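Computed from the coordinates by the stated procedures, all read-outs in this text should not be read as laboratory data. As the structure is a prediction and not an experimental result, all values here were calculated from the model. No Cβ is skipped: glycine too gets one built from the backbone with ideal geometry, and neighbour counts run over all protein chains shown.
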Amino acid sequence: MKEFMLIFRIKDIADFKPTPEQIQERLNWLAGIAAQNKLVDQGNSLSPFPESAKTVRPDNEVTDGPYTEIKEFIVGYIIVRAETIDEAVEMAKENTIFKLGGNIEVREVIKHKLH
């Protein structure tokens, strides 16, 4: 099996106000993936506020916030185990972030070995 990262994004941080019911739905969604032994890393929530981020650029230039060209806020991630990206996409389709106007990017994790 392969591993895929599901990256949770929201367009407007003002929309990122999940109800207790939506939070419980998300927990139930995670529990369903875990019950199938397909949850590799539960991930964490990331601060959606640009003022709590720094970006390191070439020549060690440090700026406040994320890249200015990003039009969405990354609010969290998980890593799942699936045979194909299509299977990982099917898992993503059941998440509650869509009720908040968000989306989920699904990307294969490529593992590198350190020598």
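Placing unit charges on each Cβ (+1 for Lys and Arg, -1 for Asp and Glu) gives the chain a dipole about its Cα centre, and among Ile97, Ala34, Phe8 the Cα reaching farthest toward its positive end belongs to Ala34. Per residue of the chain, the DSSP helices (runs of n ≥ 4 H) give a summed -39500 (n - 2.57) that works out to -6500 deg cm²/dmol at 222 nm.
Straight Cα distances below 21 angstrom link Lys93 to the lysines Lys2, Lys11, Lys17, Lys38, with same-chain residues fewer than 8 positions distant left out. Taken about its Cα centre, the chain carries a charge dipole of roughly 220 debye when the Cβ of each Lys and Arg holds +1 and the Cβ of each Asp and Glu holds -1.
Let me check against my output: what whole-number percent is the relative contact order of the chain, with C-alpha pairs under 8 Å and at least 6 apart? Don't jump to the answer; show the numbers that get you there.
Working: 180 pairs, mean separation 56.1, N = 115.
Taking the mean separation of contacting Cα pairs over the length of the chain, I get 49 percent.
Taking a ≥ b ≥ c as the square roots of the eigenvalues of the alpha-carbon gyration tensor, the stretch 71-115 is classed oblate because a/c is 1.5 or more while a/b is no larger than b/c.
Matching the structure-derived Cα extents along the principal axes in Å against the labelled list [x] 35, 34, 23; [y] 57, 29, 27; [z] 45, 44, 19 gives the label [z]. If Lys and Arg each add +1 and Asp and Glu each add -1, what is the summed charge of the other residues whose beta carbon sits under 15 Å from the beta carbon of Leu6? Summing Lys and Arg as +1 and Asp and Glu as -1 gives -2.
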